[in-house]
Amino acid sequence: MVFGVGGAVATLAPQIDPATVPVGLLASHNHVSSIRINALARAVKHHRADVFVQHIHVNAGGALPWHTHPGPAIVTVVSGFLGYQRAHHHRCVTTWYAAGTGFMDPGFGHVHRAIARADVGFDSYVTFVTPTGTPNQTIPMPSPAGCP
């Protein structure tokens, strides 16, 4: 926080360079869209949930396997471009997110994957909110109809 005459001015904490952080668990903040309160409420039972925070790195041209989550996942892209790929009306749809942006995947069976552009990879920090006692934040799934 920066203090000035007549009050306080809030500043954002500096973002850690993803190249200096080992892949693992980490937290960050970005401008995130598509936050669905109902998905968060579904993961929280009796005012409790498990939270996982993970640093994900994908090289240029790479992709994560198809998967879902047992609860919502809030994705913040911190370098490169992340393609959020999923099936919609039996065709594959990709929405691209640049560094400094993000989105929320609703989880609970919503099958998707993250892909990188051919020319640049990406780093993201993902916060998973899952029902208490969930053993893993990611569930492998087959590719949906209409997607490779």
Seminar exercise, completed: Only unsatisfied item for Val5, checking (1) surrounded by fewer than 18 Cβ atoms within 10 Å (Cβ to Cβ); (2) modelled with pLDDT of 90 or more, is (2)
Exercise. Considering only residues of segment 25-35 that are part of a loop (DSSP other than H, G, I, E, B) and of a type in the set (Ser, Thr, Tyr), which is modelled with the highest pLDDT?
Worked result: Ser34
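Residues checked against (1) within 17 Å of His110 (Cβ to Cβ); (2) at pLDDT 55 or above:
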{"residue": "Leu12", "(1), (2)": "no, no"}
{"residue": "Asn38", "(1), (2)": "yes, yes"}
{"residue": "Lys45", "(1), (2)": "no, yes"}
{"residue": "Gln54", "(1), (2)": "no, yes"}
Exercise. Can you name the residue in segment 57-94 that is aliphatic (A, V, I, L, M) and over 12 Å from the mean Cα position of the chain (by Cα) and, of all such residues, is nearest to Ala39 (Cα to Cα)?
Worked result: Ala87
Seminar exercise, completed: A careful count of residues in segment 77-122 that are closer than 22 Å to Asp17 by Cβ and among the aliphatic types (A, V, I, L, M) gives 8
For this session: State whether the residues of segment 132-142 include one that is touching a Phe, Trp or Tyr at 6+ places or on another chain (Cβ under 6 Å), over 21 Å from Ile35 (Cα atoms), surrounded by fewer than 19 Cβ atoms within 10 Å (Cβ to Cβ) and not aromatic (Phe, Trp, Tyr).
Result: yes
Seminar exercise, completed: The residue that is nearest to the chain's Cα centre (by Cα), considering only those in segment 95-129 that are of a type in the set (D, E, K, R) and under 16 Å from Ile56 (Cα atoms), is Asp105
Problem set entry | Of the criteria (1) out of contact with any Gly (no Cβ under 7 Å at 6 or more places or on another chain); (2) at pLDDT 95 or above, which one Gly80 fails | (1)
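The values are calculated or read from the model by the stated rules, or taken from the named source; none is laboratory data. Quick caveat, the model's predicted, so the values are computed rather than measured. As a convention, Cβ positions derive from the backbone with ideal geometry for all residues, glycine included, and neighbour counts pool all protein chains shown.
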